[in-house]
Amino acid sequence: MSHYYVNDESLAHDEHILDLKIKDVSLRLYTNRGVFSKGGLDFGTKVLLESMDIPASSKTIIDMGSGYGPISIYLAKKYPDKHIFAFDVNERAVHLTRKNMEENHVSNVEANVSFLFENVKVKADVVVTNPPIRAGKQTIFKLYEEAYENLNSNGFLYVVIQKKQGAPSTYNKLLELFKHCEVIEKSAGYWVLLAQKV
């Protein structure tokens, strides 16, 4: 069985378009078989995007596990002065993010293939993630640890996760790493967590 957090070049293509509006931002996004939430915007991602408020002082954002790019493209349109780096292990997802950049006329996103932060060469002021829960707790916690290392001082990490899929243990892990973490939104079983590196 294929998973969205691995590469599977044998998958047949089934590309289609999603027209979305989040807050005041309209998005037109291509999706395909083999990527996360291909049939529509994941509810957790929607809650995350509606909860985020990027500080004016933050200039660089990493979208880790970017999928076909809904987080990156939304942030690029809402914050055209920010530079956004989108990373995903899934090559098909990265290809779609690049296609969606063109479709939405954004030029402030760079999309690249990376397993977690392996190929990340930048430090960021903000890291955003809807983590790949099915990849397992060890991978998720590694993502949090590497996010901490790749954040600038006073940088922020935003995470969305369902309570039943480990939100409380994620909260405890982020508190251990960052010393400061808060739940900024709860909606339909999803928690949006905000941690700051001080």
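Only one entry of V113, V122 meets the criterion of being surrounded by fewer than 17 Cβ atoms within 10 Å (Cβ to Cβ), farther than 17 Å from L194 by Cβ, without any contact (Cβ under 8 Å) to a residue 40 or more places away in the chain and among the hydrophobic types (A, V, I, L, M, F, W, C), and that entry is V113. As a summary of the residue check, A93 satisfies the conditions (1) part of a strand (DSSP E or B); (2) buried (at least 19 other Cβ atoms within 10 Å of the Cβ) except for the one numbered (1). Of all residue pairs spaced 6 or more apart or on separate chains, those with beta-carbon atoms under 6 Å, a first member in the stretch 53-76 that is in contact (Cβ under 8 Å) with a residue 24 or more places away in the chain and a second member that is in a loop (DSSP other than H, G, I, E, B) and of a type in the set (F, W, Y) are I54/Y79; G67/F36. For the stretch 139-172, taking the residues that are of a type in the set (G, A, S) and touching a residue at least 40 places away in the same chain (Cβ under 8 Å), the one that is surrounded by the fewest Cβ atoms within 10 Å (Cβ to Cβ) is identified as S153. Of all residues in the stretch 89-102, none are over 18 Å from I133 (Cα atoms), among the hydroxyl-bearing types (S, T, Y) and at pLDDT below 85. All conditions but one from (1) surrounded by 15 or more Cβ atoms within 10 Å (Cβ to Cβ); (2) part of a helix (DSSP H, G or I) apply to L175; the one that does not is (1).
The values are calculated or read from the model by the stated rules, or taken from the named source; none is laboratory data. Please read all numbers here as calculations on a predicted model, not as lab measurements. Please note: Cβ atoms are built from the backbone with ideal geometry, for glycine as well, and neighbour counts cover all protein chains shown.
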